[in-house]
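The values are calculated or read from the model by the stated rules, or taken from the named source; none is laboratory data. Everything numeric in this text was worked out from a predicted model, so none of it was measured. Cβ: placed from backbone, ideal geometry, glycine included. Neighbour counts: every protein chain shown.
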Amino acid sequence: MELTKNISQTKILKSLLAIVLGSIALTISAKIKIPFYPVPMTMQTFVVLFLGISLGYKIGLASVALYLFEGIMGLPVFSNSPEKGVGLVYFTGPTMGYLIGFLAASLLASKISMKDNFLLVLIKLIIATSTIYILGLFWLGTVIGWEKPIFSLGAKPFLLAEAFKIILLALITKKIIKIRNFI
């Protein structure tokens, strides 16, 4: 009985540590800007998908949710905070749809399995990333007005970087899953 209790406590502690580390990784990925064409690239979407693949849907989603909660509470975790504001005001700004899309993308990425071939992994990653942009563009249009070129402002400049991140992640997904299954 005592051994079962200790194993359960250890599992909970490992999960909590993974959630916190996932949130930290997401924060770091938001702050580092990599020179890329036509706009600088962050690795946020890569890390969101990585969290889903490597931690599974429960812990991956919890990591993303913790990151969003930290940002809403005023911690400068988001890409352009504190320069462009913090807290709920920043969260409900033009990027809120993308941020909420992180939850859906992490969930969808967690559904990738070892049985999936490279093409299927690639398709699933494209679909997962697309949810970020669909929700992001929907919210962006709501905030700034649908008469503006929403796709050109909120997606087109990032597509090349997203393709790069998706291909990179698709190439290492099987190794990530092997490590996850080993641990």
TODO: Confirm whether residue 172 is of a type outside the set (Gly, Ala, Ser) and within 18 Å of the chain's Cα centre (by Cα).
DONE: yes
Open item on the list: Testing residue 42 on (1) crowded, with 19+ Cβ neighbours inside 10 Å; (2) over 19 Å from residue 131 (Cα atoms); (3) at pLDDT below 95, one condition comes back false. Which one is that?
Closed with: (2)
TODO: Would you mind stating whether residue 109 is at pLDDT below 95, crowded, with 17+ Cβ neighbours inside 10 Å and among the aliphatic types (A, V, I, L, M)?
DONE: no
- [ ] Pull up segment 112-125, narrow it to residues that are touching a helix residue (DSSP H, G or I) at 6+ places or on another chain (Cβ under 6 Å) and without any contact (Cβ under 8 Å) to a residue 60 or more places away in the chain, then point me to the one that is nearest to residue 167 (Cα to Cα).
- [x] 122
Task: Members of segment 34-44 that are farther than 14 Å from residue 22 by Cβ and in contact (Cβ under 8 Å) with a residue 24 or more places away in the chain - done: 36, 37, 38, 39, 41, 42
Task: Where residue 8 falls short, out of the listed (1) surrounded by 14 or more Cβ atoms within 10 Å (Cβ to Cβ); (2) at pLDDT below 90 - done: (1)
- [ ] Answer yes if at least one residue in segment 106-120 is closer than 21 Å to residue 40 by Cβ and of a type outside the set (A, V, I, L, M, F, W, C), and no otherwise.
- [x] no
